[in-house]
Structure formats: C-alpha cells, structure tokens
Amino acid sequence: MDKTSPVLPNDPVAGLIDIPLPAPVSLWPQTWIAVVVATLLVVGLIAALCWLAWRRHLNRYRREALADLDHIIATTPSAAALELLVRRTALAVFPRDKIAPLTGPAWLSFLDNVYGGHEFSQGVGQRLSVAPYSPQQISPAEFGPLADLVRRWIRTHHA
C-alpha cells in the first residue's frame, strides 16, 4: 500500500460528487408586463415628487407670511401691522396693478372674494380697512379674532 493516499475500504464520502447549484435568480423583471409596471411606478414616483416640490415652492410665501404673523403676534400686536402683512401677502400672489389701488370696501370685498367668506366686509375684518389711518390701538379682545382671521386667510385664500 501507498503511504501518500490512504484509502479506507469503507469510506462513505469518497464516492459522493458535488450537487450542481441552480443559476442565480435575476432581480430584473422577467416579463414585459412587469417591466411596464415597474417603469410606470418609477415615472409616477418621480412625477409625484416633482409635483410636491412645485407645490412647496408655490406655497413658500404662505409659510413666510405665517412666520411674519407669529412675529407680529409676539412683538407688536397691532391692526396696522396685520393690514400691512395681508397687503404684502396679496401682492406676492396677485398682480400689483390689481391690488395696489384697492382701499376701503373694495379692498375688503377683494379679500372676501379670494377667501370665500364675508368676515372681512361684514365681520371683524372691517378693522383692517381703517387700521393704517386710525391712531388708536386695537384691544386684545379684538386683536385675537382679527389675527385668527388673517391666519385663516393666509392659509386658505386662492388665486
């Protein structure tokens, strides 16, 4: 017997061969319908992300106006500051030649029309038309509802 390769007569592993492994499974879709569905999903996701970015960009002025409103409420609660904020917000959205000449009832009517209510011309919002010209300060009882109305207008007006 050869000393280099000892063969045992009863070795059960000696006659085994390796099992062939199956081919790896591809992660790519195998049918054309799956490719179309995957493509539509990717295109739809990209379109949705673009639409959300566009909406966020369009509503940037609203976020800035709401931040300014919070600053006004915290520092100088006056109706004149609220009137200026509403006018600046309207000028950010609507054409200047349409907004700039509006005063008094026409201004309040415009605010009602783009808001969808009548709180400016018939409610607490009437205070905005005289606020820049009135020397007296607004009471805290009047300022709270007026600030809430301005906040709702900023959030919900439509161009």
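The values are calculated or read from the model by the stated rules, or taken from the named source; none is laboratory data. Just so you know, these numbers come straight off a predicted model, no measurement behind them. When we count neighbours, we look across all protein chains shown, and the Cβ atoms used for this are built from the backbone with ideal geometry, even at glycine.
Of all residues being hydroxyl-bearing (Ser, Thr, Tyr) and either assigned to a helix (DSSP H, G or I) or in contact (Cβ under 8 Å) with a residue 12 or more places away in the chain (or both) in region 119-145, which is surrounded by the fewest Cβ atoms within 10 Å (Cβ to Cβ)? Just the residue, please.
Tyr133
Identify, from the list Asp112, Asp97, Asp148, the residue that is in the same structural domain as Glu64 (by TED's automatic domain parsing), without any contact (Cβ under 8 Å) to a residue 24 or more places away in the chain and buried (at least 17 other Cβ atoms within 10 Å of the Cβ). Before you say what the answer is, go through the steps one by one.
On the way: Asp97 fails: buried (at least 17 other Cβ atoms within 10 Å of the Cβ); Asp148 fails: buried (at least 17 other Cβ atoms within 10 Å of the Cβ).
Asp112 is the lone residue from the list that is in the same structural domain as Glu64 (by TED's automatic domain parsing), without any contact (Cβ under 8 Å) to a residue 24 or more places away in the chain and buried (at least 17 other Cβ atoms within 10 Å of the Cβ).
Is it the case, given these coordinates, that Arg62 is out of contact with any Ser or Thr (no Cβ under 6 Å at 6 or more places or on another chain), in a helix (DSSP H, G or I) and buried (at least 16 other Cβ atoms within 10 Å of the Cβ)? Lay out the reasoning, then the answer.
On the way: out of contact with any Ser or Thr (no Cβ under 6 Å at 6 or more places or on another chain): yes; in a helix (DSSP H, G or I): yes; buried (at least 16 other Cβ atoms within 10 Å of the Cβ): yes.
Yes; evaluated as a whole, the condition is true for this residue.
If you check Ala131, Ala141, Ala147, Ala159, which single one turns out to be of a type in the set (A, V, I, L, M) and within 21 Å of Arg60 (Cβ to Cβ)?
Answer to the selection: Ala159.
Which residue pairs have Cβ atoms closer than 7 Å, lie 6 or more positions apart in sequence or on different chains, and pair a first residue in region 69-89 that is more than 14 Å from Asp148 (Cα to Cα) with a second residue that is of a type in the set (Phe, Trp, Tyr)?
Within 7 Å, the pairs are Thr89/Tyr61.
Would you check if there is a residue in region 102-111 being among the β-branched types (Val, Ile, Thr) and outside any helix (DSSP H, G or I)? Outline the logic, then answer.
Filtering region 102-111 for residues among the β-branched types (Val, Ile, Thr) gives 103.
If we keep only those that are outside any helix (DSSP H, G or I) as well, we get 103.
Yes, region 102-111 contains a residue that is among the β-branched types (Val, Ile, Thr) and outside any helix (DSSP H, G or I).
For region 110-158, name all the residues that are more than 29 Å from Arg55 (Cα to Cα) and among the aliphatic types (A, V, I, L, M).
Val124, Leu128, Val130, Ala131, Ile138, Ala141
Does Leu91 satisfy the condition of being surrounded by 18 or more Cβ atoms within 10 Å (Cβ to Cβ), modelled with pLDDT of 90 or more and assigned to a helix (DSSP H, G or I)? Step through it out loud before you land on a result.
Values: surrounded by 18 or more Cβ atoms within 10 Å (Cβ to Cβ): no; modelled with pLDDT of 90 or more: yes; assigned to a helix (DSSP H, G or I): yes.
Against the criterion (surrounded by 18 or more Cβ atoms within 10 Å (Cβ to Cβ), modelled with pLDDT of 90 or more and assigned to a helix (DSSP H, G or I)), Leu91 does not qualify.
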